[in-house]
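**Student:** My questions all concern the structure below.
The values are calculated or read from the model by the stated rules, or taken from the named source; none is laboratory data. Keep in mind the model is a prediction, meaning the values are calculated, not measured. With ideal geometry, Cβ positions are generated from the backbone for all residues, glycine too; neighbour counts draw on all protein chains shown. Keep in mind that these areas ignore ligands, DNA and RNA; they rest on the heavy atoms of the full protein, side chains included. Shrake-Rupley method; radii C 1.70, N 1.55, O 1.52, S 1.80 Å.
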Amino acid sequence: MSTQDQVAEVWCELLELDTVAVDRDFFELGGHSMLAVQVLYRLTEVTGVELVLEDFFELGTVEEVAAELDRLRADRPAAEPVFEGEL
């Protein structure tokens with residue numbers, strides 16, 4: 001599942017929508033600050049990437065949020081491999 005699909009799924013779930021266009025603004029769809037906090041929590045659970053609330057407010061659309069999550073994921077340092085005997 002793509003990051004855009006994951007973001008759209010979370011928005012649909014929390015905004016109680018059947019579908020959401022990737023270019024529609026979260027707040028125009030009925031979102032508000034308290035719901036944004038819930039969205040960020042769910043997105044962290046789903047994607048493993050934590051997005052800052054202030055950034056979410058500036059991004060606004062599924063497309064922009066997904067692109068930022070992908071950018072943050074790519075910028076994370078790779079996990080160090082654990083070899084047998086190191087545990």
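**Student:** How much of the pair distance distribution for the chain lies past 20 Å, counting alpha-carbon pairs only, in percent?
**Tutor:** It works out to 33 percent of all Cα pairs.
**Student:** I need to check one value: relative contact order of the stretch 1-66, counting alpha carbon pairs closer than 8 Å and at least 6 residues apart, in percent.
**Tutor:** Normalised by residue count, the contact order of the stretch 1-66 is 43 percent.
**Student:** Which one of Val7, Val22, Leu40 has its Cα pushed farthest toward the positive end of the charge dipole of the stretch 5-45, where Lys and Arg give +1 and Asp and Glu give -1 at the Cβ?
**Tutor:** In the stretch 5-45, that residue is Leu40.
**Student:** So, for the chain, what is the accessible surface per residue at a probe of 1.4 Å, expressed in square angstrom?
**Tutor:** Roughly 66 Å² per residue, with all protein chains present.
**Student:** Rounded to the nearest 20 debye, what is the charge dipole size of the chain about its Cα centre when +1 sits on each Lys and Arg Cβ and -1 on each Asp and Glu Cβ?
**Tutor:** Charge dipole, the chain, about its Cα centre: 60 debye, nearest 20.
**Student:** Taking the Cα-to-Cβ direction at Leu53 and at Met34 and moving 7 Å from each Cα, how far apart do the two end points lie in nm?
**Tutor:** The two pseudo-label positions are separated by 1.3 nm.
**Student:** With a cut-off of at most 12 other beta carbons within 10 Å, and DSSP calling the residue loop, which GluC sites (Glu not before Pro) in the stretch 4-58 qualify? Please list them.
**Tutor:** Passing both the DSSP loop test and the Cβ count: Glu16, Glu28, Glu50.
**Student:** By how many nm would the segment from Asp5 to Ala21 lengthen if fully extended, with 0.36 nm per residue of separation less the alpha-carbon distance? Could the numbers behind the result be given before it?
**Tutor:** On the way: separation 16, 0.36 × 16 = 5.76 nm, distance 1.05 nm.
In short, 4.7 nm is gained.
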